[in-house]
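Here, each number is a calculation from the coordinates, and none is a lab measurement. Everything numeric here is computed off the predicted structure, so don't read it as measured data. With ideal geometry, Cβ positions are generated from the backbone for all residues, glycine too; neighbour counts draw on all protein chains shown.
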Ligand SMILES: *Cc1c(COP(=O)(O)O)cnc(C)c1O
């Protein structure tokens, strides 16, 4: 190991975006159902509009707008509209910061709250892996608690962790609403607990799947200076390629996140793409009901299979395990491999399989291929 490197980093491996890998797969068209993107691209006319903006308005020799002024105003408008907020309680640009994907925002939050032995984070597993990964690369301790059979957070354990964790204490809690990979939204009991968390602890509520769940805590933000809501353009808004995420919180917290971020974190084209998406949000979000109807169909098909345990979902993906515990991990890995060999990429994570709801044709193939594989390995329908 090179002698100038931090020794604690030796144990990490670089993030693999597609752990199943698109490599080593036969030359067939792949169904990318492992990263929870929207199955539909930007409509051609909006892509053209964006291309026009690039040609006519973006000067490639100039730095991007580092203030994100126009984008923040557009986001504020969308957030208020979708949460039914107006007047004194409405979200202003000062409540918003924009990141190079939510991933950057997670790192900024960690830097602003926990770095330098100032704090540890609390997560409930299984959950989005980036909180733990980014914390560890910054030397920030990660405290994990478990979830119940319905994937509700073990609140007794969470409360105990908060009182017992010292040197450093827990400074930030990360939850996803609805959770990934398990697809469940926060329960009333979980929300009540988050409301009762001491104000020295930041509560991050990641609403990456808000447009699918249509459930948000944004209306509560005005009363909760220690809450931060995170969202992304990578999922419902079809812009994963452009890496745009945003956070909504108390202006003082936002101002601090602005201090620790990189000055030109968001390329001009990405800012333009997010603005185009917001301007045309009605058109873009029109496909959400279609995706939800597809989800319902695929869910029913999978839930009917006697070998599968399928959980309810509030997001654009489905989480399942095998009913039989026998060799569960090995079998799930095998199913994942077999699906990949047939051209369907899904995620084996948290002790189960997470399958993105894709286009109608993709979902049909997912059901067909999964049933065939279960048959082959002796888990008959
Ligand atoms: C997909 C996802 C995100 C989005 O991350 P980006 O960096 O904005 O692409 C954030 N949080 C969760 C829980 C996700 O599943």
- prompt: Can you sort 31, 103, 8 so the residue with the fewest Cβ neighbours within 10 Å comes first?
  reply: 8, 103, 31
statement: Taking only the alpha-carbon atoms of the chain, the convex hull volume per residue, in cubic angstrom, is 168
- request: May I ask for the percentage of alpha-carbon pairs in the stretch 191-348 that lie more than 21 Å from each other?
  value: 62
- prompt: Sorted from fewest to most neighbouring beta carbons within 10 Å, what does the list 311, 52 look like?
  reply: 52, 311
statement: At the level of C-alpha centres, the distance separating the stretch 246-310 and the stretch 41-78, in angstrom, is 17
query: Which shape class, rounded, prolate or oblate, goes with the stretch 119-263 when its Cα gyration tensor gives a ≥ b ≥ c as root eigenvalues, a/c under 1.5 marks rounded, and past that a/b bigger than b/c marks prolate?
result: rounded
- request: With springs connecting C-alpha atoms under 10 Å apart, model the chain as a Gaussian network and identify which of 290, 127, 182 has the largest mean-square fluctuation.
  value: 290
- prompt: So what is the relative contact order of the stretch 84-241, in percent, for Cα pairs below 8 Å that sit 6 or more residues apart?
  reply: 21
query: Roughly speaking, what is the stretch gain from residue 330 to residue 159, that is 0.36 nm per residue apart minus the C-alpha to C-alpha distance, in nm to one decimal?
result: 58.2 nm
message: Sequence gap at least 6, Cα distance under 8 Å: using those rules, report the relative contact order of the stretch 190-241 to the nearest whole percent.
response: 39
- line: Of all DSSP beta bridges with both partners in the chain, the antiparallel percent, nearest 5, is 55
field: Relative contact order (percent, whole number), the chain, Cα cutoff 8 Å, 6+ residue spacing
entry: 23
Span from the the stretch 314-329 Cα centroid across to the the stretch 122-157 one, whole angstrom: 19
